[in-house]
Amino acid sequence: MKRIRIGPVLLIAGFVLLVASYTLLMAYYVQMPGKLEGADFLTYYSVGRVARADGLSRVYDLDLEAAAQAETAGVPLGTLQILPPNHPPFLYPLLGLLAGLDYRGAYFGYVLLLVILVAAGLPGLYRALRENGWPRAPVWVVLVGVLLFEPFFFSVLKGQDSAVLLLGGLLWFSGLARNDDRLAGLGLSLTLIRPQIAILLAAPFLFRRRKVFWWFCVGALALGAYSLFQAGWTGAKDYLHILIISAGGTGYGLAEAAMFNFTGLVLRLAPRLDLGLVHALGWGLFAAALVSLCVLWGFSKTIHYRHIVLAVTLSLFAAPHLHYHDLAMLVVPLIGLGLVGVLTGRLTIQRAAALPMLVSVVLLFSEWWDPARFTIPYLLMAVLVLLTWLAEKHGAFAFIAWRHRKG
């Protein structure tokens, strides 16, 4: 009698569980009266409405946004109740097109757009893993795991634009793994959709593998020119005003105590602590993280997988503003951990490939219990860094895929 292999069975069970859960959650979200209308997509749809009616230069006008959101939600909204459009206008022209549809039609069109964006980063990842000697089947498991990664699903469910951040992260990682500094730098520039994360990821490359940093600058200048062309000087001024509001952390649906960064952790552990002090500590950690990564890059002879895992997890934890949907970026260090585990002989390729899907199942279950919901992501960040550094430090030649090719 042929023995049943438990690994593939568990993998298929995890896949079925995630797909079934996501389908039910999406159905609930869409059918529950008022649920979808109160989602983060309200901000993006309102941006599209303002862009169609008043032009892209006015999308950061909070009075126009408040009126558009109130009209869509069907209830009057106070100034501090609106959700401010506090992201660069990378997708806003497409939102203007989608806003020609009714709210729900635009939502489904936006969901499709987000999935396509992340899928665009998968061919590079496929090639990077294949060049590391992975067979096709495990590589496809990784790609499916990326698309089913639980924080990414929730970003799509709520209509957030974390797909752009994840696309940039995937291109950056793929470029580094393939020694393609141009792809790495240009991919990294897409993470400017979250500037606070992009700064922490990009600045260290000024001190090691400098070509990545210069290509990041090229991409950043192109995106900056594109954004300025779309929003104009008036829109740029209004955008800076919104960034100042976001840095204040109060009102406008910012909900800092629900964030998954250092600031959110402190506010949950010490809710009576002075908010100004919390912000000072948060920005202090941000500065310390920036300096530490730059120093680490400067003293390192080469950039290993462990550097990338550390940079991503630290950038998420130290970012002054970070909600759950941006944890979609954690799939990048998960893949890095898998590669290290295989290179050091601590993981089989099959087990390494299953990591994104396995973690998604754990995160999905943690959603239903608040103590776990606000604990598991922090534990995941710590474990990713610890395991990767221990494995690579004591493993042989785990950095081989990161070496520059001679000549």
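Across segment 6-402, how many lysine pairs, 8 or more apart or on two chains, come within less than 30 Å at their alpha-carbon atoms?
On the way: Lys35/Lys158; Lys158/Lys237; Lys211/Lys301; Lys211/Lys393; Lys301/Lys393.
Summing the qualifying lysine pairs gives 5.
Residues of segment 279-315 falling in the label zone of Arg210, defined by backbone nitrogen less than 18 Å from a point 7 Å along Cα to beta-carbon, are 294-303. One decimal place: the segment His241-Leu17 gains 76.3 nm when fully extended, by the rule 0.36 nm per residue minus the C-alpha distance.
When Val111, Val309 are sorted by how many other C-beta atoms sit within 10 angstrom of their C-beta, beginning with the fewest, the order is Val111, Val309. Under the simplified labelling scheme, the Leu94-Trp140 pair shows an inter-label distance of 2.6 nm, with each label point 7 Å from Cα along Cα→Cβ. Relative to a virtual label point 7 Å from the Cα of Ala53 in the Cα→beta-carbon direction, which members of segment 86-127 show backbone nitrogen distances below 19 Å? Counting only backbone N, you get 86, 92-107. Taking only alpha carbon atoms, segment 320-363 gives an Rg to Rh ratio of 1.08, where Rh is the Kirkwood radius. Among Phe262, Phe152, a tally of other beta-carbon atoms within 10 Å of each Cβ gives an order, fewest to most, of Phe262, Phe152. Once the Cβ-Cβ distance of Ala382 and Leu221 is raised to the sixth power relative to R0 = 35 Å, the FRET efficiency obtained is 0.45.
Its Cα gyration tensor gives segment 81-208 an equivalent ellipsoid, and the semi-axes of that ellipsoid, as √(5λ) in whole Å with the largest first, are 28, 20, 11. Here the gap between Asn179 and Trp368, fully extended at 0.36 nm per residue and compared with their Cα-Cα distance, gives a gain of 63.9 nm. Remark: relative contact order (the chain) = 18 percent; criterion is Cα-Cα distance under 8 angstrom and separation of 6 or more residues. Relative to the longest principal axis of the C-alpha atoms of the chain, give the angle of the C-alpha long axis of helix 136-147, reported between 0 and 90° and rounded to the nearest 10°. On a 0 to 90 degree scale, this one is about 20. Its alpha carbons give segment 125-283 an Rg and a Dmax of 18.5, 54 Å. Roughly what angle does helix 181-190 make with the longest principal axis of the chain, taking Cα atoms, 0 to 90 degrees, to the nearest 10? Approximately 30 degrees, to the nearest 10. Across segment 1-70, the mean sequence separation of Cα contacts (distance under 8 Å, 6 or more residues apart), normalised by length, yields a relative contact order of 19 percent.
Kindly list the residues of segment 144-177 that lie in the label zone of Ala255, defined by a backbone N under 17 Å from the point 7 Å along the Cα-to-C-beta vector. So the set is 151-162.
Just to verify a number: FRET efficiency for Val295 and Leu269, C-beta to C-beta distance, R0 = 30 Å, to 0.05?
0.55
For the chain, the longest principal axis of the C-alpha atoms and the axis of helix 103-119 are separated by about 30°. Shape call for segment 1-72 from the C-alpha gyration tensor, a ≥ b ≥ c root eigenvalues: rounded (a/c under 1.5), prolate (a/b greater than b/c) or oblate? Here segment 1-72 falls in the prolate category. In angstrom, the C-alpha Rg and Dmax of the chain are 21.2, 73.
Put simply, the C-alpha atoms of segment 284-401 give a gyration tensor, and the ellipsoid matching it has half-axes of 24, 21, 9 Å, longest first.
Show me the ranking of peptides 205-217, 293-305 by mean Cβ neighbours inside 10 Å, starting with the highest. Could the numbers behind the result be given before it?
On the way: 205-217: 19.3, 293-305: 16.2.
My ranking of the peptides, most packed first, is 205-217, 293-305.
For Asp102, Asp40, the sequence from fewest to most other C-beta atoms within 10 Å is Asp102, Asp40.
Bear in mind these aren't lab numbers, they're just calculated from the coordinates by the rules spelled out. All figures in this text were calculated on a predicted structure; none of them were measured in a lab. Reconstructed Cβ throughout: ideal geometry from the backbone, glycine too, with neighbour counts over all protein chains shown.
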